[in-house]
1. Being surrounded by fewer than 12 Cβ atoms within 10 Å (Cβ to Cβ) and either within 13 Å of Val187 (Cα to Cα) or not hydroxyl-bearing (Ser, Thr, Tyr) (or both): is that true of Ala262 here?
2. Residue by residue through segment 152-183, note down the ones that are under 18 Å from Ile60 (Cβ atoms), more than 17 Å from the chain's Cα centre (by Cα) and assigned to a helix (DSSP H, G or I).
3. Could you tell me how many of the residues in segment 48-93 are at pLDDT below 90, small (Gly, Ala, Ser) and either touching a helix residue (DSSP H, G or I) at 6+ places or on another chain (Cβ under 9 Å) or crowded, with 17+ Cβ neighbours inside 10 Å (or both)?
4. Restricting to segment 150-169, give me the number of residues that are crowded, with 17+ Cβ neighbours inside 10 Å and not aliphatic (A, V, I, L, M).
5. Report every pair of residues separated by at least 6 positions or lying on different chains whose Cβ atoms are under 6 Å apart, first residue within segment 159-184 and at negative phi and basic (Lys, Arg), second part of a helix (DSSP H, G or I) and surrounded by 15 or more Cβ atoms within 10 Å (Cβ to Cβ).
6. Go through (1) in a strand (DSSP E or B); (2) among the polar types (S, T, N, Q); (3) without any contact (Cβ under 8 Å) to a residue 12 or more places away in the chain for Thr127 and report which single condition fails.
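The values are calculated or read from the model by the stated rules, or taken from the named source; none is laboratory data. Nothing here was measured: the structure is a model prediction, and the numbers come from that model. All Cβ positions, glycine included, derive from the backbone under ideal geometry; neighbour counts span all protein chains shown.
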Amino acid sequence: MVVEGFMVGLHKSPYHGFSVEFSQHRSYQQGDPIKDIDWKVYARRERFYIKQYEEETNLICNIVVDVSKSMDYKHDASITKLEYSNILAASLIYLMLHQQDSVGLTLYSDKIESYMNPKSSRVYLNTLLKSLANVKPSNQTRTSECLKSVVDKIKRKGLVIIISDFFDDPESVLSALKKFHYKKNEVIVFQVLDPVEKSFAFSNDAVFVDSETKEEITSQPYQIQKAYQQSMEDFLNKIKNECLRFGIEYNLIDTNTPFDKALFSYFKKRSRLN
C-alpha cells in the first residue's frame, strides 16, 4: 500500500537524539495505528513517533478533486491525471480516517458532482473510496465556480486539499482559492499535470484535440514549443506565486511524481496544525 510504504520508508534508521526519558513515545513501526502518531514531536524532530498515552486532536478536512474531462489525459505516462489524483486522494483519506480525523470528499467538473460531509468514522472509508472508484471524467472545467460553491458548503474551518490541473482562467481560480483563506481554512493545492503538458515534447506533426470542447488544431509542435513552454511557465508561476502570497501551500506534481513526495506535503502541513 502507498501509505504504509511511505511511512516505513522514512524510518530506515533510528533517530539517535531522542531521549529515552520520553517513555510515552517510541519510533513508528509498520502496522502501528497512524492515529497514534505524535505530530508535535514530528514537528520538532521530523521523524514519526507513537504517542501512547495522550490522544491526538482531531482535524476536519475537505478533499476536493477535479473530475472534468481535461483530467482524463495521459501521453506516455502509465496513468491519467484523474487516476493519479484519485490514488492521492484515497491515500489521504486512509491516513486521516486512521488517525481519527474527519474527512469529506467533493468531486466536481462544471458543477458539483458529489459532496460528502466530513466524518471521522472508519466505516466511512469504503463510502469515500467507492465514490472515487466510480467517478467518470466528464464535462468541461468550471473550477472557480465549483470552488466557490464548496466554500459555501463548508460549515467549520479546517484543512482543504484541492487536486486539479487548474486549466481554467487563472484569475478566477485564484479568486476562489482566496475565499478558503478568508474563511480561515488551511489550504493545500496539488496541481497535477501530465509531463508532456509541461514539456510539449512532441516530435511529429500532430492534431491536438481539446478533451472538453473537441476543438481540433493541426500543428508542427517544434514551431510552437518555446512559445507554449513560456506560456505554461507563466501560467504555473501565476498560480504558485499567488497561492504562496496568501499562505496556501502549493505543490506542482506530474503523473510520474512518486506518491510519497505528494504525501509528505500533507504531513508537513498536518504537523504544523497541531
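1. no
2. Answer for segment 152-183, where residues must be under 18 Å from Ile60 (Cβ atoms), more than 17 Å from the chain's Cα centre (by Cα) and assigned to a helix (DSSP H, G or I): Asp152, Lys153, Lys179, Tyr182.
3. 1
4. Total satisfying the criteria: 6.
5. Once the first residue is at negative phi and basic (Lys, Arg) and sits in segment 159-184, its partners that are part of a helix (DSSP H, G or I) and surrounded by 15 or more Cβ atoms within 10 Å (Cβ to Cβ) give Lys179/Val151.
6. Thr127 satisfies every listed condition except (1).
So that you can scan it fast, the table gives a plain yes or no per residue for (1) at pLDDT 95 or above; (2) in the same structural domain as Leu159 (by TED's automatic domain parsing); (3) of a type in the set (A, V, I, L, M); (4) within 18 Å of the chain's Cα centre (by Cα):
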residue: Gln225; (1), (2), (3), (4): no, yes, no, no
residue: Met232; (1), (2), (3), (4): no, yes, yes, no
residue: Lys240; (1), (2), (3), (4): yes, yes, no, yes
residue: Cys243; (1), (2), (3), (4): yes, yes, no, yes
residue: Glu249; (1), (2), (3), (4): no, yes, no, yes
residue: Leu252; (1), (2), (3), (4): yes, yes, yes, yes
residue: Lys261; (1), (2), (3), (4): no, yes, no, yes
